[in-house]
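Following: one structure in C-alpha cells, then a few remarks.
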Amino acid sequence: MDILSKLVGSPSASPSKQANTPQQRSIRFKKVHDQLQQIWRRQNSSKQDAPADAVLVCFESIKKILQDEVQTPAPHLCARHVSAFKVYTTLAQVASGYYDEALIYETLDIFKVLIESEEVEFLEEKGFADALIGFISKISTTGPIMVSVDTEGKIVEVLFGVAAKLRLQPKLLPTWFRPTIRAEAGINTKAEKDVFPLFYLTLDYVHHDGRVGDFARTGLLYIIESATHSEALEKWIVESDLATLMASGLGALYSQLSRKLVLSFTRDSIPAIVSFSEASRPRTPPDAEKTTSPDFQAHLATFLSHLVFWQDVLEHCSSEDVKQSLLDHFKFLFLQQLLYPSLIESSDVDGGSSVAVLTYLRCIIESIDHAELLHVTLQYLLALPDETEESSTPARPTTLARRRKSQTLISNLAQGQEKPMPDLFTLVDLVLTSLQSRNQQTVTATLRLVSVLLRSQHQYAVSSIIKSRPSSDALPARTIDAHNRDTAMLFSFAEDLIEHDDLGELYETHLQDARTLLESHCCSARLLALPGSAVADLSSIKEHSRLVQPHVIRLDDPLIKSFVSLLEDFLVNDIGTNLSLTQAFSTLASCGNTLLDFWLLGDPVQREDALDQGVASDDDVDDSDHGDTITINKDSDSKLTASEITLKPRDFKASNQELDRPTHSTSPVFTALDSLVQQVERFRHDIQEFDTYLAERRHVFRVGEDIDKAVANDLPPSRRSQESSRPSHSQVRGVPQIGSISQRLRSDASSATVSRSSSPRGRQLNDSSTSTLVGRLNHLRISPSPSPSKPGSRTFSPSPLQKDSVPSDSIPSSPLKRAITPMGPADALHQNIKVKTRSSINDRIDTPDIGSSETNSIRSESVTPDAKNVDEIREVTLSHLLTNVIILQEFILELAAIVQVRASLFGEVKFI
C-alpha cells in the first residue's frame, strides 16, 4: 500500500467505517429489535417457547451495539429508539420468560448500559423504572428464579447505579419513590414495598458477603442520603422497617459467631517467644472454635463489616429523625435483646464462652469510631447515666412523634421477651470477675478488652472500671531527684534480672515506643495541642478529651488490685497472659490525665520526705556528688540519648547504694516487681548455670529479630511494599495499636500492631503482625549449650526496697530439691521448677437472679474481687520460666521509658 492509500484510507476500510456511523448502527439495531419482536410474538401465539439460543444471540447483538454507541459522539440514535419504543419493556418480558441465567445476565448488562447513558435520561421514565424493578423482583433473592452469585453481583451493580444517580440528581427521585401509592392502597406490607421498591430490593442484599454486600450497603447509603432532599422520603424511612431489618440482620450475624472460643495462633503466625516456651497449649473443647479458624475469621469479618455499615449509615445520614430511630433500634434490638444476654450467660467453666464474649466485645469497640454509636453501646453495657438526653436541645414535635412511634414499634417487637437489664451485673462486673478466673484464656481475653477500653475509650473506663479521684492542686509535683530515684530503681530491677551490654540500645527502642504510645493516646490530643491550633479547639477533639480530667487512681481500685495480683504471679503465668498484662499496664500508664502517683510511683508526700531525710543524713557526700542526675530537657527536639540516660541511672544508683524507701511509701507495682526480682535471685542461686540458660534464651530471640530484619531487607521492593501494606483484620475501623512490649513479643490474629517507627509526629508507619523483637522462629530450634560456669563474675545490685543486698548464703532455699545442671533441652529445659505464688482462694458466690432462670447457675464459678491470698506452689518448666524473665525485663524497661518520656512530654517534673 502506497503512502497516499495510507493517508486517505484503503477502499476495503471504507465500508467498515461507514458501518459504524450512527445511521448504520440504528439500522442494524432496528433489524435486531424487529427480529426479537417476531420471536416474542411467535412464542405468544403458538404457546411454545422459542429456542433460548436464538433469543440470546439477539440480546448479545443489542448489547454490543449499545456499548459501541456509548463510546462514540452523539447522536445516539439507538438509545433514542430504545426510549421511543420502550424496548426495555420487551427485553424484560422476554428475559423473564426464560429460566436461562446467561440471558438474564445479558439483560442486566443492557439495563446497566442504559442507566449510564448520558444523552437519554432513562431514569426519568416511569416505564423504565417499572420494567427494571419488575424484572429484578423476579430474579432477586425473593423471586421465583434462582441465580448464581455472579448474577446477584450484577443485580446489585444495576441497583447501585440507580442509587448513585438518585444521590447526584434529586430530581429523579419522584420516578422511583411514589408515596401516593400508600395513600391509595392503604397501609400494608405490599403497599410499603411498592412505595419505594428500589429501597427494599437493595436492602435484601445488605447482609451478603463480598462485593454483593459491598455494593448493596453503599447503594443503601446513597438512598438514605437522598432523604436530605425530600422530607417525604425522610418520614417514610423513619416509619419503614429499615432500622428493624438492620438491627435484626446484625443480630443474626452475631448469633452465627461461635459461642465458645479458644485463643490460638496459626503455624505461620505463632511468635518464637510462645513457640519456645514449654507451656501447655490450651485444649479445644469439642464445641469450641479456634480464633485462627478460617470459618470463624470469615464470620467475624462479616459481622464487623455490618457493624461498620451501621456507623457509615449514621455518618451519611443528615436526618436526626432517621439517626435517632437507628440508634433506638440498635440499643433495644441488638444490645438489650442479644449482646447483653450473651454477656451475662457467659462462663469460663463451660469451655470458653467468656473468652468468646470478651473477644467479641473487644472487636466491637475496636471497630466502632462513631461517637454516638459508641456512647449507646458503652453507656448501656456499663449502666452509665445518659447525660446526653438531659443536655440535648428540645426536639421538634414531629421528631418526638416519630420517635414515640418508633419506640412503640420496638416495644411491640420485644413484648413477651423479658430480658435482664445491666443494673445489677454490668460489663465492669464481668471484667473484674474474669480477671480473677483460673482460666488463663479468660484472663488474657479480659486484659485485651481492658487495654482497648483504656486506650481508645478512656472516658468510659475512668467513670466505671477505674476507681479514681480528681487530682488535688496541693499534690506535690515530682522533683528531679525523685524522678531520678524512680528511674534508677527501675533500672536496678532490670539489671538484676538479666545483665547485658546492650541495655542502652534496648532502652532507646523503648523510648521510641513510649513516645509513640503516649502521643497516640486518646487523651493526648488536647494535652499536646499548641494554643490557638486547630487541635486545641474542643470542637475538633473527640468528646472524651473534654470529659477526662486529671485524676489519681485509688489504691483500693479493684482493677489495680487484679493487675498487681497477676503481676505477682508473673513467673508462672501463661505467656499470652503476661504479654496482655504488660500491655494493659503500659496503656494505663500512657494516659496523660492519669497520674502515676500512689499506684506506680508511690505516695508523693512520703517520697519527698524520704528524699529530704536522705539528704539531711548524708553529711559525708559532697554536693558535687548530686550533680550527676538525669536532666530532662523540656524541648523534645533536644534531649539526652538513650545511652546517656542509661549511664546516668547507673551513676545515680552507684552514688546512692541504698535505694530504700519506707514500706508505706512504696507503690504496689514496685513492691511486686521487687518480689519478682528476689524470686529470680533465688532461682539463680539454686539452679546451676541459670544465667547461662537465660543468656542463651535471650540470644535465641535476638537471633530471631536479626533474621526478621534480614529477610525484610532481602525482599524485592515490590514484595516489601506488599508485605507492609497487607491489611489485617482489626485494621477495619480498628484503633491503631502501639508497638509496646506486648505487641513486639506477640502476634495476634485479631489485632494489628504498629512498629516502633510508628509515630503521629512524623515517624513512618509500618503495620505488621510479626513480632519485631523475637521474629518468627517456628522452624528454628536453638537450644542452650553447656558453657563453663563463671562463679563470682557477676555482682548483684542491692534490692531497691531493701537496705542491704541479699547474700547468697542467706537466700531461702527454693522448693527445688536438687540443682539442675546443663544437660541440653531434652532434660534441663523440661525440668519442672516449683514456684511459690500468691493465688486467690475465694468463696464461690451465685449471681443474684436478674430476670433469667438460668442466671443463678451461669456465673456460679465467678469469684469476688476481694479475695484472701494464700501461698500456693505451682510448677513450670525451666524454659517457661526463662521466657517470662525475659518478658519481665522488657516490661520494666518499658515502664522506665514511659516514666521518662511522660516527664518530658507532659512536664511532670519540677526543677529545683
Q) Is it true that Val349 is surrounded by fewer than 21 Cβ atoms within 10 Å (Cβ to Cβ) and touching a Ser or Thr at 6+ places or on another chain (Cβ under 7 Å)? A) no
Q: Could you tell me which numbered condition Phe309 fails, if it satisfies all but one of (1) under 25 Å from Ser264 (Cα atoms); (2) at pLDDT 90 or above; (3) surrounded by 19 or more Cβ atoms within 10 Å (Cβ to Cβ)?
A: (1)
(Q) Go through (1) closer than 30 Å to Ile873 by Cα; (2) at pLDDT 90 or above for Leu555 and report which single condition fails. (A) (2)
**Q.** Top-ranked residue of region 476-499 - restricted to ones that are over 18 Å from Arg698 (Cα atoms), surrounded by fewer than 20 Cβ atoms within 10 Å (Cβ to Cβ) and touching a Lys or Arg at 6+ places or on another chain (Cβ under 8 Å), ranked as modelled with the lowest pLDDT
**A.** Ala477
(Q) Suppose we filter region 503-528 for residues that are among the hydrophobic types (A, V, I, L, M, F, W, C), within 19 Å of Gln457 (Cα to Cα) and modelled with pLDDT under 90; how many remain? (A) 5
Q: Run Asp295 past the list (1) in contact (Cβ under 8 Å) with a residue 24 or more places away in the chain; (2) charged (D, E, K, R); (3) closer than 30 Å to Thr444 by Cα and report the number of the one that doesn't hold.
A: (1)
Q: Give the residues of region 215-231 that are modelled with pLDDT under 90, farther than 21 Å from Phe330 by Cβ and assigned to a helix (DSSP H, G or I), sorted by residue number.
A: Ser226, Thr228, His229, Glu231
Q.
I need the full set of residues from region 291-332 which are within 27 Å of Leu430 (Cβ to Cβ), in a helix (DSSP H, G or I) and among the polar types (S, T, N, Q), in order please.
A. Gln297, Thr302, Ser305, Gln311
Q.
Residues that are at negative phi and aromatic (Phe, Trp, Tyr): list the helices (runs of 4 or more DSSP H) wholly contained in region 20-123 that include at least 2 such residues.
A. 22-46, 101-115
Q | In region 58-69, residue farthest from the chain's Cα centre (by Cα) [restricted to those that are more than 14 Å from Ser26 (Cβ to Cβ) and not charged (D, E, K, R)] | A | Cys58
Q: Give the number of residues within region 124-166 that are acidic (Asp, Glu), more than 22 Å from Arg80 (Cβ to Cβ) and not in a helix (DSSP H, G or I).
A: 0
Q: Could you list all residues from region 500-527 that are closer than 29 Å to His685 by Cβ, of a type in the set (D, E, K, R) and surrounded by 21 or more Cβ atoms within 10 Å (Cβ to Cβ)?
A: none
Q. Has region 421-429 got at least one residue that is crowded, with 21+ Cβ neighbours inside 10 Å, among the β-branched types (Val, Ile, Thr), in a helix (DSSP H, G or I) and at pLDDT 65 or above?
A. no
Q. With respect to Val147, is the statement that it is buried (at least 16 other Cβ atoms within 10 Å of the Cβ) and at pLDDT 95 or above true?
A. no
Q | Single residue of region 876-896 satisfying the filter (out of contact with any strand residue (DSSP E or B) (no Cβ under 9 Å at 6 or more places or on another chain) and not aliphatic (A, V, I, L, M)) that is surrounded by the fewest Cβ atoms within 10 Å (Cβ to Cβ) | A | Ser879
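The values are calculated or read from the model by the stated rules, or taken from the named source; none is laboratory data. Note that this is a predicted model, so its numbers are computed, not measured. Cβ: placed from backbone, ideal geometry, glycine included. Neighbour counts: every protein chain shown.
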